[in-house]
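The values are calculated or read from the model by the stated rules, or taken from the named source; none is laboratory data. Note that the structure is a prediction, hence the values are computed from the model and not measured. Cβ sites come from the backbone with ideal geometry, for glycine too, and all protein chains shown count toward neighbours. All accessible areas refer to the heavy atoms of the entire protein, side chains included, with ligands and DNA or RNA removed. Shrake-Rupley method; radii C 1.70, N 1.55, O 1.52, S 1.80 Å.
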Amino acid sequence: MIIAIDGTSAAGKGTLARRLQEFFDYAYLDTGALYRAVGKRVLDRGQDPSDESAAKQAAYELAPEMMLQLQNDPSIRTEVCGSAASKVSAIPAVRQALFDFQRNFALHPVKEDGTPAKGAILDGRDIGTVVCPDAQVKLFLSASAEVRAKRRLKELQEKGICVIYEDVLNDVKKRDERDSSRATAPLKPAEDALILDTSDLTVDDVFARAIEFINQKANI
Ligand code: C5P
């Protein structure tokens, strides 16, 4: 079983993915962490994330054996890394470099402790359309830019980071625009995805709708 979760940033993909991971005991891959790690590597070297050859080199340097652990690295969770990730992710050679690992994970899911799992959950922007067009379950989460900016602001404030709402909102809108308008693997729902607007839904509501959809798909 492959569950693909795509959508805009701060729409609740990660939260849903973790709930489903616990519920089904599947393996989970946060693919955004891969792009964030590439963005961070480029920035750490003082290079420009939009520089194709710098970004490509950084992507090919990520060893497959370390990719699964990247999602636990707090240093990639900054707004700066998120923005760098959205720049490197528009470069086709970077997407190509990260494709095999994601595809292989989906077909041979392994949990973080190294044990095999009966299913894979991947979240990102192009899982249902490019990485796993064959996924049995595709979910696409969105929410208004204002709601997502408020969620992100709260997250940052809880970490003790001081930011202004307008700046966060601008960043959310810029990232949406970049992710949706790029030529390679743009952010868009797969035709057979369940689209959920999470603006007025609780975490429990989103989980319940996802479970209902998964049950329908499992019975087909
Ligand atoms: O999901 P997260 O915010 O961590 O992703 C960071 C950035 O990485 C996104 O804004 C997007 O540009 C890029 N990304 C992508 N394809 C994916 C996952 C993330 O292009 N599958």
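The figures follow:
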quantity	calculated
Gained length - Met1 relative to His108, 0.36 nm times residue gap less alpha-carbon distance	37.5 nm
Of Met67, Val110, Phe24, farthest towards positive along the dipole that unit charges on Lys, Arg, Asp, Glu beta carbons give region 2-218	Met67
Structure-based [θ]222 nm, the chain - -39500 (n - 2.57) summed over DSSP H runs of at least 4, per residue, nearest 500	-16000 deg cm²/dmol
Heavy-atom accessible surface of the chain: percent carbon and sulfur, 1.4 Å	52 percent
Positive-end residue of Tyr35, Ala90, Ile121, charge dipole of the chain with Cβ unit charges	Ala90
Environment charge of Asp25, counting only residues whose C-beta is closer than 15 Å and scoring Lys/Arg +1, Asp/Glu -1	+1
Within the chain, longest stretch free of exposed trypsin sites (Lys or Arg not before Pro) [DSSP loop, at most 12 other beta carbons within 10 Å]	46-117
Accessible area per residue in Å² at 1.4 Å probe, computed on region 87-216	51 Å²
Cα gyration tensor category, rounded, prolate or oblate, for the chain with a/c compared to 1.5	oblate
For the chain: relative contact order, % (alpha-carbon pairs under 8 angstrom, 6 or more apart)	32 percent
Distance-filtered residues of region 67-83 - backbone nitrogen under 14 Å, label point 7 angstrom along Glu61 Cα→Cβ	none
Sum of side-chain charges, Asp205 neighbourhood, beta-carbon under 12 Å (Lys, Arg +1; Asp, Glu -1)	-2
Backbone N under 17 Å from the Thr115 label point (7 Å along Cα→Cβ), restricted to region 64-78	none
Charged-residue dipole, Cβ positions (Lys, Arg, Asp, Glu), region 2-218 about Cα centre, Debye nearest 20	200 debye
